[in-house]
1. Working carefully through the options GLY18, GLY32, GLY79, find the one that is closer than 19 Å to GLN130 by Cα, in contact with a helix residue (DSSP H, G or I) (Cβ under 7 Å, 6 or more places away or on another chain), in a loop (DSSP other than H, G, I, E, B) and not charged (D, E, K, R).
2. So in the stretch 138-180, with the set limited to residues that are more than 19 Å from GLY190 (Cβ to Cβ) and in contact with a Cys (Cβ under 8 Å, 6 or more places away or on another chain), which one is surrounded by the fewest Cβ atoms within 10 Å (Cβ to Cβ)?
3. For the list (1) more than 20 Å from the chain's Cα centre (by Cα); (2) surrounded by fewer than 23 Cβ atoms within 10 Å (Cβ to Cβ); (3) at pLDDT below 95, I need the number of the one condition that ARG346 fails.
4. Does the stretch 198-211 hold any residues that are surrounded by 21 or more Cβ atoms within 10 Å (Cβ to Cβ) and part of a helix (DSSP H, G or I), and which are they?
5. For THR311, state whether it is modelled with pLDDT of 95 or more, closer than 29 Å to LEU257 by Cβ, surrounded by fewer than 23 Cβ atoms within 10 Å (Cβ to Cβ) and touching a helix residue (DSSP H, G or I) at 6+ places or on another chain (Cβ under 6 Å).
6. Could you list, in sequence order, all residues of the stretch 277-307 that are over 25 Å from the mean Cα position of the chain (by Cα) and within 26 Å of ASP70 (Cα to Cα)?
7. For the stretch 323-330, check the following and say yes or no: at least one residue is of a type outside the set (S, T, N, Q), surrounded by 24 or more Cβ atoms within 10 Å (Cβ to Cβ), under 21 Å from MET289 (Cβ atoms) and at pLDDT below 95.
Amino acid sequence: MLGHTEESRPLEAVTIQGTDEGASQVVVVLGGHPDEDTSWAGFRLLQYLATTTGGLAAHTVHVFLDSDPDGAALNAERGAESLRRYYEPMNRGGYHRPAVAEQPAMHLPLTAREDIPAGADMKATLALKQFLDDVLDGDGQPPILFDLHRCGIGKMYAITTEAQPPLERHFALAAAQAGLPLARESWALGDHLVSEWAPGVWKPAPAEVCTGDARMGNPQLYAKHRCPRARTVIVEVPQFTASGPLPLSGPHMARQLRNVDAALRLCARTLDDLTLTPHGRAYLSREHMLQHLASEEDRREWASGPFPLQTMLRQTSELTSHALCTRNLPSRNMSPEWTLHGRVVRFAQAVTGARPVAPAAAAHAVLATIAVALRGEQGLREVSR
């Protein structure tokens, strides 16, 4: 137990002692974004380590179980069997991706104590920082950090801050073993990436691009700031895969983005103060994104990929949840925001053919990636037995 959140939920970590004192220590961070459920992958990793000797079990592994329990609670009632259930708005427990300013794992300080930005004193941020410091400041070989994520509709990829030959050589095998395609187009992913180390393995942009503030960063950036010799890997496993390239031109996607943006702004003008709920604040924090993405799509012959669709789904879901929280309607079907969101869900499903990735496949993709980063092809064979 490392403490409690602002809403008194526990902040917890688990350490499994390795059999080789000389092996690199491993840090695994779960729940960096609370709308991305990585708990099943974390459970599978702990189960594997607890029942296996040798191989990965030679390493001491520290797992931070949830970076944002309060945010996760706001996602607790939705499902993952379809886009409709995944992005379902509710007045409690539906889809929610907090504003960056309210995400603890995005506020780790990269600057002197006196220059820490607002938000870096959230209880979960402080607990995560102390957890990371305890490992990063230790003796012995530099640790390796894995930050686990789910990337919505798309393909599997990894983000590393330094060249990692074992991962680069075998990451494609890890994805193939889990039955997942590799992401090869950085502009279609929604993350800020610079270049490709190897197929599906990407180098991240600097902190000021990733978080909008050079004074704070995610666990990956913080680990490199605190311990420059540390190795880091963000693992992105899709929640849904698409049936193929989107059958839309860039200008067609741009029109969809602008139409949804206009409808959202019209709805927002009729609602109570958007700062009253986490959903409203999340919507406001990304209010500019649909217009920005539309400008980018206008310049493309073909639509870039699922990310613009995901952004529409996030925005319509957050605004609808705010409306459900602040309006006293006898039925959610009477909400114009609900009608708009349903239209976007149907459009996104039609053009992507989105299919859910089975939890077991997602968990194996994570386990295989950790294995190849630590032990190369041998590690992949070990976790496949």
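The values are calculated or read from the model by the stated rules, or taken from the named source; none is laboratory data. All values derive from a computational prediction rather than experimental measurement. Neighbour counts are summed over all protein chains in view; Cβ atoms, including those assigned to glycine, are modelled from backbone coordinates with ideal geometry.
1. Testing whether each residue is closer than 19 Å to GLN130 by Cα, in contact with a helix residue (DSSP H, G or I) (Cβ under 7 Å, 6 or more places away or on another chain), in a loop (DSSP other than H, G, I, E, B) and not charged (D, E, K, R) leaves just GLY32.
2. PRO142
3. The one condition ARG346 does not meet is (3).
4. Within the stretch 198-211, ALA207, CYS210 qualify.
5. Yes; evaluated as a whole, the condition is true for this residue.
6. Answer for the stretch 277-307, where residues must be over 25 Å from the mean Cα position of the chain (by Cα) and within 26 Å of ASP70 (Cα to Cα): there is none.
7. Within the stretch 323-330, one or more residues are of a type outside the set (S, T, N, Q), surrounded by 24 or more Cβ atoms within 10 Å (Cβ to Cβ), under 21 Å from MET289 (Cβ atoms) and at pLDDT below 95.
Here's the yes/no breakdown for (1) within 30 Å of ARG327 (Cα to Cα); (2) out of contact with any strand residue (DSSP E or B) (no Cβ under 7 Å at 6 or more places or on another chain); (3) outside the structural domain of MET289 (by TED's automatic domain parsing); (4) not in a loop (DSSP other than H, G, I, E, B):
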| residue | (1), (2), (3), (4) |
| --- | --- |
| ARG84 | yes, yes, yes, yes |
| ARG97 | yes, yes, yes, no |
| LEU128 | no, no, yes, yes |
| PHE131 | no, no, yes, yes |
| GLN141 | no, yes, yes, no |
| TYR157 | no, no, yes, yes |
